[in-house]
Amino acid sequence: AESITKELDGLPLALDQAAAFIEERPSSLGEYLRLYQTARGALLQRRGSLADHDPVTVTFSLAFGKVAEASPTAADLLCVCAFLEADAIPEEIFAKGAGELGESIGSAMTNPLGLGDAIAEAGRYSLLQRDPTTETVSLHRLVQVVLKEEMDDATRWIWAERAVRAVNAAFPGVDFATWQACSRLVPHVLQLVETINQYNFTFEESSRLLNQTGSYLHKRAQYADAEPLMRRALAINEASFGKDHPDVARDLNNLATLLQDTNRLAEAEPLMRRALAIDEASFGKDHPDVARDLNNLAGLLKDTNRLAEAEPLMRRVVEIFVKFSVATGHPHPHLQAALGNYFSLLTEMGYEESKAIEKVQSLLPREWIEDQG
């Protein structure tokens, strides 16, 4: 009974309808739950002679029809919400993703009152509720079920894709300053993972969304949630661009770093080596992305006490950043860290401090050393 109540999200109308079905059939609670999980659309359409109201599907369909008649924008808003987590849908999805959500929502977002008017219209029929404190909207899960059941296959595809593209547009770059914005969107990304898999979405925005979310969860040490997202993003980019594309190298590095952080070094190493080979072939041996790959692999070798193997890689990192700095006339932002990492490695290998300094300085242009006295 508790499981059925959760599935029906506590809606009295649906619970009453379920009880009528169980009594009339007759059937057990467990049987109804199994039927609902496999044929929810059909069950929600059944009124039964014991029920004294319209079925859930009819009730919500009538309300949605009235919303669509009064405001196509509100109807479209409900359609995209049908594919997201039902609770606390951030309004920035509609604002930043407006260009991905069709003409009606796109036009409405050019008007400061457009989104509020659409939410208010859907709220008139209790299909959408707004929390002004958090600037989020929510809807009942059965509204989502009915909306999707009422769509034909082509329409479901359209709104599923629009939802993925809009959430991606709203998802920021992953940085400590954006963590709060990321956290608001994560439940909706996790809800969309099934949609991405179901429709086999392989467009760039889907892989970017999974990758960004995985990176955020990784930084928050939510490794179990991050890993499947990173693996799916990698699979999408391999299918879309081929196994030797730089975006694939980036995904391999991201996944390898997570594996390293969860102490699966043997799994991480071949991914790092593959990423390095891809970037060397794509950009040449002196590209900053190659330096990133070398630094990651050297760090793993250091973690496994293979200091002699790590040393030439860390030396190459410094050399690449020095070449970049000389060519551009500006120090590469990671040069100082690379110098520190190389010095630390040398001291761990047993070099005296003066010898380690001398070895590091040998990689720098003479004029740099003279400028520093």
Practice task
Could you give the size of the charge dipole of the chain about its Cα centre, using +1 on the Cβ of each K and R and -1 on the Cβ of each D and E, expressed in debye and rounded to the nearest 20?
Solution key: 400
Exercise for the section: Show that you can apply the helix-only estimate: for the chain, add -39,500 (n - 2.57) for every DSSP H stretch of four or more residues, divide by all residues, and state [θ] at 222 nm to the nearest 500. Expected result: -23000 deg cm²/dmol
Exercise for the section: Tell me, rounded to the nearest percent, the portion of alpha carbon pairs in region 122-254 spaced more than 23 Å apart. Expected result: 40
Handout entry: Of all accessible heavy-atom area on the chain, the percent that carbon and sulfur account for (1.4 Å)
Key = 50
Handout entry: Average accessible surface area per residue within region 267-358, 1.4 Å rolling probe, Å²
Key = 51
Exercise for the section: Would you kindly state how much longer the chain becomes between Glu103 and Ser183 on full extension, computed as 0.36 nm times their sequence separation minus their alpha carbon distance, in nm to one decimal? Expected result: 26.0 nm
Practice task
Give me the aspartates and glutamates in straight-line cross-link reach of Lys219: C-alpha distance below 13 Å, same-chain residues under 8 apart excluded.
Solution key: Asp175, Glu227, Asp261
Exercise for the section: Taking 7 Å along the Cα-to-C-beta vector as the label spot, tell me the Ser28-Lys355 distance in nanometres, rounded to one decimal. Expected result: 7.7
Problem - region 215-373, dipole about Cα centre (Lys/Arg Cβ +1, Asp/Glu Cβ -1), debye to the nearest 20 - result: 300
Fill in the blank from the handout: Cβ-Cβ cut-off under 15 Å around Met272, Lys and Arg +1, Asp and Glu -1: the net charge is -2
Problem - In degrees, nearest ten, helix 72-81 long axis to first principal axis of the chain (Cα) - result: 60
Exercise for the section: Take the Cα of Thr110, step 7 Å along the line toward its Cβ, and report every residue of region 73-98 whose backbone nitrogen sits under 15 Å from that point. Expected result: 98
Exercise for the section: Would you look at the GNM of the chain, springs on alpha carbons closer than 10 Å, and say which of Pro172, Pro228, Pro12 moves the most? Expected result: Pro12
Completion exercise
Measuring from the longest principal axis of the C-alpha atoms of the chain, the long axis of helix 223-241 (C-alpha) lies at a number of degrees, nearest 10, equal to 80
Handout entry: Cα shape, region 303-370, gyration tensor, a/c 1.5 rule
Key = oblate
Completion exercise
Taking a ≥ b ≥ c as the square roots of the eigenvalues of the Cα gyration tensor, with a/c under 1.5 meaning rounded and otherwise prolate when a/b exceeds b/c and oblate if not, region 93-172 is oblate
Problem - Accessible area in the full protein assembly, largest first, 1.4 Å probe, for Trp157, Trp368 - result: Trp157, Trp368
Exercise for the section: For Arg306 and Lys66, compute 0.36 nm times the residue count separating them, minus their Cα-Cα distance, and round to one decimal in nm. Expected result: 79.5 nm
Problem - Two-decimal Rg/Rh across the chain, once Rg and the Kirkwood Rh are taken from alpha-carbon atoms - result: 1.13
Handout entry: Along principal axes, Cα extents of region 191-268, largest first, whole Å
Key = 33, 30, 15
Fill in the blank from the handout: Quick calc: nm separation of the 7 Å Cα→Cβ label points for Phe176 and Trp368 -> 2.7
Exercise for the section: With everything on Cα atoms, drop me the angle between helix 29-45 and the longest principal axis of the chain, reported from 0 to 90° to the nearest 10. Expected result: 80
Completion exercise
Expected vector for region 275-286, Karplus 3J(HN,Hα) from phi with 6.51, -1.76, 1.60 and θ = phi - 60°, integer Hz, x for Gly and Pro, equals 4, 4, 5, 5, 5, 5, 5, 7, 10, x, 7, 10
Fill in the blank from the handout: Checked region 279-320 with the C-alpha gyration tensor, a ≥ b ≥ c its square-rooted eigenvalues, rounded below a/c of 1.5, otherwise prolate if a/b is larger than b/c and oblate if not; verdict prolate
Fill in the blank from the handout: Here the gain from full extension of Asp117 to Ala235, 0.36 nm per residue of separation minus their alpha-carbon distance, amounts to 38.4 nm
Practice task
Work out from phi, with θ = phi - 60° and the Karplus expression 6.51 cos²θ - 1.76 cosθ + 1.60, the ³J(HN,Hα) of each residue of region 298-305, listed in order in whole Hz, and give x for Gly and Pro.
Solution key: 4, x, 5, 4, 5, 5, 9, 6
Fill in the blank from the handout: For His330 and Ala224, extending 7 Å from Cα along the Cα-Cβ vector and measuring point to point gives, in nm, a value of 4.4
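The values are calculated or read from the model by the stated rules, or taken from the named source; none is laboratory data. Computed from a predicted structure; not experimentally measured. Counting neighbours? That spans all protein chains shown, and the Cβs are built from the backbone with ideal geometry, glycine included. Ligands, DNA and RNA are stripped out before the accessible areas are found, and what is left, the full protein with its side chains, is counted by its heavy atoms. Shrake-Rupley method; radii C 1.70, N 1.55, O 1.52, S 1.80 Å.
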